[in-house]
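The values are calculated or read from the model by the stated rules, or taken from the named source; none is laboratory data. In this text the structure is predicted, and so the values were computed from the model without any measurement. Please note: Cβ atoms are built from the backbone with ideal geometry, for glycine as well, and neighbour counts cover all protein chains shown.
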Amino acid sequence: MELKFKLTDYRTSVHNNWCPGCGDFGILSSIQQALYELQMDPSNVLIFSGIGCSGKTPHYINTYGFHTLHGRALPYAIGAKLARPDLEVIAVVGDGDGLGIGAGHFVNAGRRNVDFTVVIYDNEVYGLTKGQAAPTLKLGVQTKSLPKPNISQAVNPILLAYASGYTFIARGYAYDTNHLKELIKQAIQHRGSAVVDVLQPCPTYNDIHTKDWYAGKGNVDPKTGKEIPRIYKLENEGYNCVITNDMSEEEISKKIAQMIIKAYEWGDRIPVGVFYRDLRFDTFEERLEKRIPNYKAYPPGKQAISNREGYPIADISKIVQSLSV
Amino acid sequence: MLNFRGHSWLIGGAQGTGIERGASIFTSALALWGYRVFGKREYYSNIMGEHSYYYVRFDERPVHSHIERYHILTAYDAETVFRHSLEGVEGAALLFNQAHKSTKLASIHTIEERLAEDIAKRLGKQVKDVLLSDILEEAESYGIKVYPLDYNEILSKVASKTKETMVSLARTNNVVAVSASLALMGYELDSLIEAISYVFENKKRVVDLNAAVAEATYEHVRSKGYDTSFAIKLRKLNRNGKLLLVNGNQTVALGKLVAGCRFQTYYPITPASDESFFLEDNEIIDLQVTQEDFPVIQESKILDSTGSIVVFQTEDEIAAITAATGAALTGVRASTSTSGPGLSLMVEGLGWAGMNEVPVVVVHYQRGGPSTGLPTRTEQGDLRFVIHAGHGEFPRVVLASGDIEEAFYDTIRAFNYAEKYQLPVILLLDKYIANSLVSIEKLDVKKVKIERGEVLSEEDLLKLKSLNEEYKRFKFTETGVSPRVFAGTKHAVYWATGDEHDEAGHITEDPVLRQKMMEKRMSKLNLIEKEVPIDERAKYFGPENPDLLLVSWGSTKGTILDLMETMSKEGHNLGFLQIRMVHPFPENFVSSIIGNKKWVIVENNYSAQLGGLIREKTGFVPTYQIVKYNGRQISLDELYIAVKRVIFGQAPKRQVLTNGA
């Protein structure tokens, strides 16, 4: 079968100025591959980013692309999605961008369950400003350019997403693009707010959690003497955390407890995959539709507002009447 | 009595006890008889208990401002009597609850120490010795007529008729106060009951109860013979149809519905949020379309002939402006409404919209600043802020409406400017416009047409494709305006970035491109100067050669127009120059009006910001300044005195007005 869109349809000719070996390349190609495999019309896709290395992503993808303000990709994206719920909206954010300066937006987006996807480029540092500690850098860790070890605790993106109300929460690894692409596809297809936290080594400023470290450097199996990769896939170990309406409170609590244990796991074993899917809640758009019956059929971005002669077509006479004596 | 047309009514009580509702019954009753009203609301940043009051000026012909000296004061708590009694004109009526007669000034904790001392000083006493009866005596010595009402007796009668308890009837004190003042002026009880049904939306139980209170109050006032002793009488006027009673939050909201704004964001803030609430209340929009209009609408069908507006409450004002901008990228007319502290947060979003030429409309209701300032009080302190807000330089339009009615039309124009010139537009209003109430005959929904500027459709893009041309969002053009494509339109994609960018919207730091892009964006201001009719930017009222020229902007308009009328009767011909578009500034027109006239700048702020702006743009310096910055709007009566001093050569260069409770 001939596909309507080729992989190259999702690429631009813009010169990419990320550092050689940057994990961002893996995320970029996973997004492009996911859009290609889902055969999404590029003009139907809106990608929003904030500021930092991740912020440049939209320029490299041949869809509508908006490189917005530091920390603000989410409200821009949500505004667009609510105006045109028929479009596919993706926000790509950095860890400092999304979980530091933009943390308030991240939390509040979760509360709403708007049908969109958030991808977090999680490398624990502020790359573009030369390696300061990001909110995901653990306490006491001293990456290359830090004058002193990190004095603050790290935020856990998986748990923050859960506490905020995201209904799809996954973690991927930038150098496993096949796996990451699948996660992004699932996130896009999920009905509601989806987060994919992507572990993404920064080859320039993060000399602690490097590609080699994730690959198992220093994690030697005492029996075989071989290095064991730190990253493993949740789905390979029978993990599954899908919450549905027909589950009992007890079942749900058990699932969530299991998710929390996995979310804390770090060090010699780091899980990737889908941590959490919650199918119990309507999306924000569905809630709107209950109030405005033709919201999806006739959303804000598609409404006509004037007639042939240019006069407004809104008829406010009933409201005016109610204010008249 | 005063030289101004009409009369001034004042009601006061504790916040949360129905002051606004009372005023609403009063204004509705007057409108029902064809009177024109202007109402001004004052309240604390407080939910319950602090002093709240409401002025209504009314006349047979339209009135556009408030007068502080009252003809009728109706007070249902003691605090109101202490605060306002002495503001009456000679012959004014003061209605109060006689149970408060021996209330001590010192027992009222919501009166500020400074004020208590001022009151006591005026009476020649110590604060601890002042009783309510003392201030009543003082008022009587000014020629104010004092009318004690027995609230207890009135409500006891209602209680026995309706089975309501006295405790629950306490919430109808406001209706006693309103009814008594209307009875005093010979207003008919039946009409009052009609007004009550209107205000309580015909909810039978509530209407019946309040009607019973009104009736008992009327009996009480008549039994005392008060109604025969007061000179001001109302009469039923001939009227052509109904009168619309609206505040500025409502006319802006209605303007947005008519303009086609279909996406509104907000974060709660006084005095802006009521506009968003009003929109949410009316989120489903009736449409008037004919069959011939359908081709315009294309792929979408109008189900049940209704449109809708999504009103989105965000987590903060940064999200409010950025979500509105995100929505605007898809082509919807989008807006947000806020006040000073909110706009301070929105500034970075304003810059992004400016940089990326996104039409977004921000309605900014000024209140007293800086910081939290005076959350519920008015000021015009943000003119300089809104024309400069943001780092770097980008084009914007700032409109300042002069009154509640003008705000309706300006709201529609704001969206037209935003889309035609692809830039953020700030509609600069204030608490006085947001919360005041005015009676108007109608809102003309056909007065301003919808102009969306240049937008490429799917067909246009297909044509472009067939010519092997790529769509470029920021294409260099002669006018500086590049045709827009709504994000999500088939057969195109484009990019946008807060970084400097090339025509396609990709980042560039190239000096040549940077310069061209700056010039492209900024040149749109010249285009606006060329295209927007001057009367949408500034307006001159008055004779060609006035005795004195007043120059102002925003909500002082009504007061100045009312003043001109009053003073012309006294033989003084004033001119008034109203600046309506404060950015880009209409400097040629302003220069031509000022010329070599003697002129006064009138503003509700400390530094006469418009005066400074005029000096910057034209070189003209105001001969006199009249400013006020105590959080209370310049009133007609105090402006009258200030302007008269200027005319008679008795005014200092700068007069600071201080009235207001």
Exercise. Are there any pairs with C-beta distances below 7 angstrom linking a residue in region A:89-110 that is within 13 Å of A:Pro75 (Cβ to Cβ) to a residue that is surrounded by fewer than 24 Cβ atoms within 10 Å (Cβ to Cβ) and of a type in the set (Asp, Glu), with the two at least 6 apart or on different chains, and if so which?
Worked result: A:Gly104/B:Glu315; A:Gly104/B:Asp316; A:His105/B:Glu315; A:Asn108/B:Glu315
Exercise. Which ones in region B:449-474 are farther than 19 Å from B:Ala487 by Cβ and of a type in the set (Ser, Thr, Tyr)?
Worked result: B:Ser466
Problem set entry | Looking only at region A:54-66, and only at residues there that are more than 8 Å from chain B (Cβ to nearest Cβ) and more than 15 Å from the chain's Cα centre (by Cα), the one that is nearest to A:Ser13 (Cα to Cα) | A:Tyr60
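Yes/no per residue for (1) over 17 Å from B:Ile232 (Cα atoms); (2) surrounded by fewer than 20 Cβ atoms within 10 Å (Cβ to Cβ):
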residue: B:Asn3; (1), (2): no, yes
residue: B:Gly13; (1), (2): yes, no
residue: B:Gly16; (1), (2): yes, yes
residue: B:Ser24; (1), (2): yes, no
residue: B:Thr27; (1), (2): no, no
residue: B:Leu32; (1), (2): yes, no
residue: B:Arg41; (1), (2): yes, no
residue: B:Ile47; (1), (2): yes, yes
residue: B:His51; (1), (2): yes, no
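Looking only at region B:616-644, how many residues end up being of a type in the set (A, V, I, L, M, F, W, C) and in a strand (DSSP E or B)?
Residues in region B:616-644 being of a type in the set (A, V, I, L, M, F, W, C) and in a strand (DSSP E or B): 2 in total.
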For this session: Would you check if there is a residue in region B:420-443 being acidic (Asp, Glu), within 29 Å of B:Lys40 (Cα to Cα) and either touching a strand residue (DSSP E or B) at 6+ places or on another chain (Cβ under 8 Å) or at pLDDT 95 or above (or both)?
Result: yes
For this session: Determine whether region B:348-359 contains at least one residue that is touching a helix residue (DSSP H, G or I) at 6+ places or on another chain (Cβ under 6 Å), within 30 Å of B:Tyr629 (Cβ to Cβ), modelled with pLDDT of 95 or more and among the acidic types (Asp, Glu).
Result: no
Seminar exercise, completed: Of (1) away from chain B (no Cβ under 14 Å); (2) out of contact with any strand residue (DSSP E or B) (no Cβ under 9 Å at 6 or more places or on another chain), A:Ile256 fails just (2)
Problem set entry | Residue identified as within 29 Å of A:Cys241 (Cα to Cα) and either at pLDDT below 95 or among the hydroxyl-bearing types (Ser, Thr, Tyr) (or both) among A:Thr143, A:Thr136 | A:Thr136
For this session: Please determine, by comparing only the residues of region B:240-276 that are in a loop (DSSP other than H, G, I, E, B) and among the polar types (S, T, N, Q), which one is modelled with the highest pLDDT.
Result: B:Thr270
Exercise. Looking at (1) in contact (Cβ under 8 Å) with a residue 60 or more places away in the chain; (2) surrounded by fewer than 14 Cβ atoms within 10 Å (Cβ to Cβ), can you tell me which one A:Ile260 breaks?
Worked result: (2)
For this session: Considering every residue within region B:550-568, establish whether at least one is in contact (Cβ under 8 Å) with a residue 60 or more places away in the chain, out of contact with any His (no Cβ under 7 Å at 6 or more places or on another chain), assigned by TED's automatic domain parsing to the domain that holds B:Leu613 and more than 22 Å from B:Asp403 (Cα to Cα).
Result: no
Exercise. If B:Phe476 passes every condition in (1) more than 14 Å from chain A (Cβ to nearest Cβ); (2) closer than 26 Å to B:Ala272 by Cα but one, which one does it miss?
Worked result: (2)
Exercise. Within region A:191-203, is even one residue more than 24 Å from A:Gly21 (Cα to Cα) and surrounded by fewer than 22 Cβ atoms within 10 Å (Cβ to Cβ)?
Worked result: yes
Exercise. Under the condition of being touching a strand residue (DSSP E or B) at 6+ places or on another chain (Cβ under 8 Å) and hydrophobic (A, V, I, L, M, F, W, C), which residue from region B:178-201 is nearest to B:Arg235 (Cα to Cα)?
Worked result: B:Met185
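Being among the acidic types (Asp, Glu) and at pLDDT below 95 is the filter here; which residues of region A:285-325 pass it?
Applying the first criterion (among the acidic types (Asp, Glu)) to region A:285-325 yields A:285-286, A:289, A:309, A:315.
Answer for region A:285-325, where residues must be among the acidic types (Asp, Glu) and at pLDDT below 95: just A:Glu309.
With respect to B:Ser344, determine if the residue is surrounded by fewer than 24 Cβ atoms within 10 Å (Cβ to Cβ), in contact with a helix residue (DSSP H, G or I) (Cβ under 9 Å, 6 or more places away or on another chain), within 7 Å of chain A (Cβ to nearest Cβ) and at pLDDT 95 or above.
Values: surrounded by fewer than 24 Cβ atoms within 10 Å (Cβ to Cβ): yes; in contact with a helix residue (DSSP H, G or I) (Cβ under 9 Å, 6 or more places away or on another chain): yes; within 7 Å of chain A (Cβ to nearest Cβ): no; at pLDDT 95 or above: yes.
Criteria not met by B:Ser344.
Which residues, taken from region B:221-239, are assigned to a loop (DSSP other than H, G, I, E, B) and in contact (Cβ under 8 Å) with a residue 40 or more places away in the chain?
As a first pass, look at region B:221-239 and keep what is assigned to a loop (DSSP other than H, G, I, E, B): B:224-225, B:229-239.
Those that are assigned to a loop (DSSP other than H, G, I, E, B) and in contact (Cβ under 8 Å) with a residue 40 or more places away in the chain: B:Lys224, B:Ser229, B:Phe230, B:Ala231, B:Ile232, B:Lys233, B:Leu234, B:Arg235, B:Lys236, B:Leu237, B:Asn238, B:Arg239.
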Exercise. So which strands (runs of 3 or more DSSP E) stay within region B:51-138 end to end and still have 1 or more residues that are of a type in the set (Lys, Arg)?
Worked result: B:51-59
Exercise. Hey, among the residues in region B:408-440 that are closer than 16 Å to B:His583 by Cβ and within 12 Å of the chain's Cα centre (by Cα), which one's farthest from the other protein chains (Cβ to nearest Cβ)?
Worked result: B:Leu428
Seminar exercise, completed: Of the residues in region A:233-247, those that are under 30 Å from A:Thr177 (Cβ atoms), free of Cβ contacts under 8 Å to residues at least 40 places away in the same chain and among the hydrophobic types (A, V, I, L, M, F, W, C) number 3
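Could you please let me know if B:Gly505 is out of contact with any Pro (no Cβ under 8 Å at 6 or more places or on another chain), within 9 Å of chain A (Cβ to nearest Cβ) and either under 17 Å from B:Glu519 (Cα atoms) or of a type in the set (D, E, K, R) (or both)? I'd like the intermediate steps shown before the answer.
On the way: out of contact with any Pro (no Cβ under 8 Å at 6 or more places or on another chain): yes; within 9 Å of chain A (Cβ to nearest Cβ): yes; either under 17 Å from B:Glu519 (Cα atoms) or of a type in the set (D, E, K, R) (or both): yes.
For B:Gly505, the condition - out of contact with any Pro (no Cβ under 8 Å at 6 or more places or on another chain), within 9 Å of chain A (Cβ to nearest Cβ) and either under 17 Å from B:Glu519 (Cα atoms) or of a type in the set (D, E, K, R) (or both) - is met.
Across region A:278-303, which residue is surrounded by the fewest Cβ atoms within 10 Å (Cβ to Cβ) among those that are among the acidic types (Asp, Glu) and within 11 Å of another protein chain (Cβ to nearest Cβ)?
So the first thing to find is which residues in region A:278-303 are among the acidic types (Asp, Glu), and the list is A:278, A:282, A:285-286, A:289.
Next, from what is left, pick out any that are within 11 Å of another protein chain (Cβ to nearest Cβ): A:285, A:289.
Values: A:Glu285: 22, A:Glu289: 17.
Among those residues, the one meeting the criterion is A:Glu289.
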Problem set entry | Only one of A:Lys181, A:Lys148, A:Lys185 that is modelled with pLDDT of 95 or more, under 14 Å from the mean Cα position of the chain (by Cα) and surrounded by fewer than 21 Cβ atoms within 10 Å (Cβ to Cβ) | A:Lys185
